[in-house]
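Structure, as structure tokens:
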Amino acid sequence: MIDLRGRVARCAMAVAAGGALVAGCGANDDAGGSSSAPPSTPREQLLLTEAEFPAGVKKIDVPQDRLQAATADLAGVQQNATFTPPECAATQQQLSDATKDLLAQSAIIGAADQQSGVMYTEFVAGRTGELARITEGNKTCPEVSLTTTVEGRAISTVSKVENLSAPAGLKGVDAIVYRSTSVSTVGSGKPLTTTAYMGIAVVRGATVAVRVSSLRDTVDEAAFTGVFTDAVDKVRKAA
């Protein structure tokens, strides 16, 4: 029996990864408005620790094989999918392709609040993303519908995205934030709704991405803002 909810959860990890680089990347350390040198601190140490997440949030294992499975799931679903509007299919394919590159060179941490069901994912990649193109992509495709079949079962997903203002605490940093809501239905089953906030910043030649998501109706925007700001500041201030 196919574990569709498990596959949805894995794909969410891949989507979070790919979003940071979907618009294309450069190798210029001065990109994103930062002229400071890249940190000498090892990338894994630039991630937030469990103690730096909100109270009650515990670190969870994010093994590479699970992320690779997520990438494979995402690519497989998109390969034979129908997108509406059709012109947004290319953006989704870029997302899938970019994921592979990002996962290969990112330090990653996952954490979750078991009581609230909120999941936190942070990526620090040693390359810079063109954030303005991501924002423009969100404007061009604010709502996308996808229909496909997995193991003989029809899946439909409607995703909506809205660009938001970057946190005030990140003034002077090239950073973007957007909110997304995806509703997926498998056959005649109950719709599965995922709500998420995504923040991406380019600082000191690296891309910092934070995604806070929930399978419930809402996510605490203030909690997301705090985690995203802390994650970027940690890279900004690192040795």
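Just so it is clear, none of the values below were taken in a lab; they were calculated from the coordinates. For clarity, every value in this text was computed on a predicted model and none was experimentally measured. In this analysis, Cβ positions are derived from the backbone assuming ideal geometry, glycine residues included, and neighbour counts consider all displayed protein chains.
Mind jotting down the distance between the C-alpha centroids of the range 106-122 and the range 176-239, whole Å? The distance from the Cα centre of the range 176-239 to that of the range 106-122 comes to 10 Å. By the scheme Lys and Arg +1, Asp and Glu -1, what is the net charge of all other residues having a beta-carbon under 14 Å from that of Ala111? In short, -3.
Counting Lys and Arg as +1 and Asp and Glu as -1 over every other residue whose Cβ lies under 13 Å from the Cβ of Cys88, the net charge comes to -1. State the Kirkwood hydrodynamic radius of the range 134-232 in Å, one decimal place, computed from all pairs of distinct Cα atoms. One decimal place: 14.8 Å for the Kirkwood radius.
Protection proxy ranking for 122-134, 201-213, 180-192, using the average of other Cβ atoms within 10 Å per residue and placing the highest first: 201-213, 122-134, 180-192. Over the C-alpha trace of the range 120-163, radius of gyration and Dmax come out as 15.0, 39 angstrom.
Exceedance of the 24 Å cut-off in Cα-Cα distance is limited, within the set Lys171/Lys237; Lys139/Lys234; Lys160/Lys190; Lys59/Lys190; Lys59/Lys139; Lys171/Lys234, to Lys139/Lys234; Lys59/Lys190; Lys59/Lys139.
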